[in-house]
Amino acid sequence: MKKFEDPEKLRSWARKARLAGRKIALVPTMGALHAGHLSLIAAAKRKGADEIAVSVFVNPTQFGPKEDYAKYPRDHAADAKKCAAAGATAIFFPTPENMYASDHSVWVVEDGALSGSLCGARRPGHFRGVCTVVAKLFNLVQPDFAVFGQKDFQQAAIVRRMARDLSFGVEIVVAPIVREESGLALSSRNAYLSAEEKTRALALSATLKELKAGVAAKGALPWKAARARAAAALERAGLAVDYVEAVDAADLTPVKTLRKGNAVLLAAFAGKTRLIDNCVV
Ligand code: AMP
């Protein structure tokens with residue numbers, strides 16, 4: 001597995017691979033890799049990638065001033081080991097300085113159709129940072145496809161829209177959420193949780209499961225009442241609800257009745273840690 005810090009070295013590696021006719025997959029991450037991230041590498045393999053480049057970059061521009069940029073877990077040595085074992089062929093650890101010129105001034109901004117709600121509404125500037133860094137990675141690697149996790153449902157929808165609207169020619173593949181046996185969705189931020197907070201966090205996946213079962217049993221659920229029950233269950237478990245939303249899975253517009261194929265998205269705080277989860281019911 002090749003290791004790069006310099007974006008131009010990554011670019012020339014990718015160019016050579018492309019000219020040799022090799023199919024290139026990109027897996028963007030912020031590191032502190034877990035089985036959820038590794039499942040994206042496995043998905044790239046299954047899809048027939050000859051080269052799999054994993055980027056590990058805690059992207060400063062997608063964090064708000066009061067968020068956890070400084071304390072976000074970082075472990076490059078462990079990440080490299082896990083990537084190599086999972087079958088990645090290149091890993092990219094850029095620094096903020098070599099990704100952003102000191103006078104960087106051009107951004108990729110989704111106009112709000114997809115980013116104006118949910119996490120986009122609560123984390124101003126977040127998706128501007130995400131789109132900009134993903135666009136830069138697409139330009140450096142020019143992959144055939146890129147793999148993202150359903151864990152970040154809104155992010156996947158926005159990146160897919162960006163790839164289409166800006167004609168990147170990169171196919172966006174979305175891989176399912178990997179969970180602990182308890183149901184808790186794997187996340188690098190789970191490392192912040194105390195044992196008690198982790199127990200409280202189980203209410204997220206349990207609530208989603210209940211809503212999915214409700215739709216399976218009844219065909220449809222009036223969302224206002226279902227939403228109130230879901231929010232109450234999260235609060236009862238000791239979580240502070242940030243949002244509980246039901247949307248059309250394709251365009252993220254809110255629905256009044258929850259039906260099969262819709263997505264439910266949750267965000268809640270366990271102590272100071274903000275967790276997100278979702279499912280397509
Ligand atoms: P992150 O490092 O949190 O920015 O995540 C990098 C990529 O891994 C994103 O596309 C995430 O959606 C994906 N990812 C994170 N957690 C999981 C999970 N539990 N299952 C599947 N994919 C995940």
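Structure above, values below:
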{"read-out": "Cross-chain or 6+ apart pairs with Cβ under 6 Å, region 148-163 first and in contact (Cβ under 8 Å) with a residue 24 or more places away in the chain and within 12 Å of the ligand (Cβ to nearest atom), then open to solvent by 10 Å² or more (accessible area, probe 1.4 Å) and among the polar types (S, T, N, Q)", "value": "Ile158/Ser115"}
{"read-out": "Residue satisfying condition, being within 18 Å of the chain's Cα centre (by Cα) and either modelled with pLDDT of 95 or more or of a type in the set (A, V, I, L, M) (or both), within set Glu97, Glu181, Glu110", "value": "Glu110"}
{"read-out": "Asp103, sole failed condition from (1) within 15 Å of the ligand (Cβ to nearest atom); (2) out of contact with any Lys or Arg (no Cβ under 9 Å at 6 or more places or on another chain)", "value": "(1)"}
{"read-out": "Any chance Thr199 is of a type in the set (Val, Ile, Thr) and free of Cβ contacts under 8 Å to residues at least 12 places away in the same chain", "value": "yes"}
{"read-out": "Residues of region 239-281 classified as more than 18 Å from Ser187 (Cβ to Cβ) and of a type in the set (Lys, Arg), total", "value": "3"}
{"read-out": "Residue check, Ala225 of a type outside the set (Phe, Trp, Tyr), surrounded by fewer than 18 Cβ atoms within 10 Å (Cβ to Cβ) and modelled with pLDDT of 95 or more", "value": "yes"}
{"read-out": "From Arg274, Arg259, residue being open to solvent by 10 Å² or more (accessible area, probe 1.4 Å), charged (D, E, K, R) and within 26 Å of Glu67 (Cβ to Cβ)", "value": "Arg274"}
{"read-out": "Criterion: within 24 Å of Glu51 (Cα to Cα), open to solvent by 10 Å² or more (accessible area, probe 1.4 Å) and out of contact with any strand residue (DSSP E or B) (no Cβ under 8 Å at 6 or more places or on another chain) - qualifying residue of Arg164, Arg128, Arg123, Arg160", "value": "Arg164"}
{"read-out": "Region 117-138 residues that are under 12 Å from Asn59 (Cα atoms), paired with ones that are acidic (Asp, Glu) (beta carbon under 9 Å, 6 or more apart)", "value": "His126/Glu67; Phe127/Glu110; Arg128/Glu110; Val130/Asp152; Cys131/Glu110"}
{"read-out": "Failed item, numbered, when Pro176 is tested on (1) open to solvent by 50 Å² or more (accessible area, probe 1.4 Å); (2) closer than 25 Å to Thr253 by Cα; (3) more than 8 Å from the ligand (Cβ to nearest atom)", "value": "(3)"}
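The values are calculated or read from the model by the stated rules, or taken from the named source; none is laboratory data. Quantities reported herein were computed from a predicted structural model and do not represent experimental measurements. Cβ atoms come from the backbone with ideal geometry, glycine included; neighbour counts cover every protein chain shown. Note: accessible area is taken over every heavy atom of the protein model, side chains too, but ligands, DNA and RNA are not part of it. Shrake-Rupley method; radii C 1.70, N 1.55, O 1.52, S 1.80 Å.
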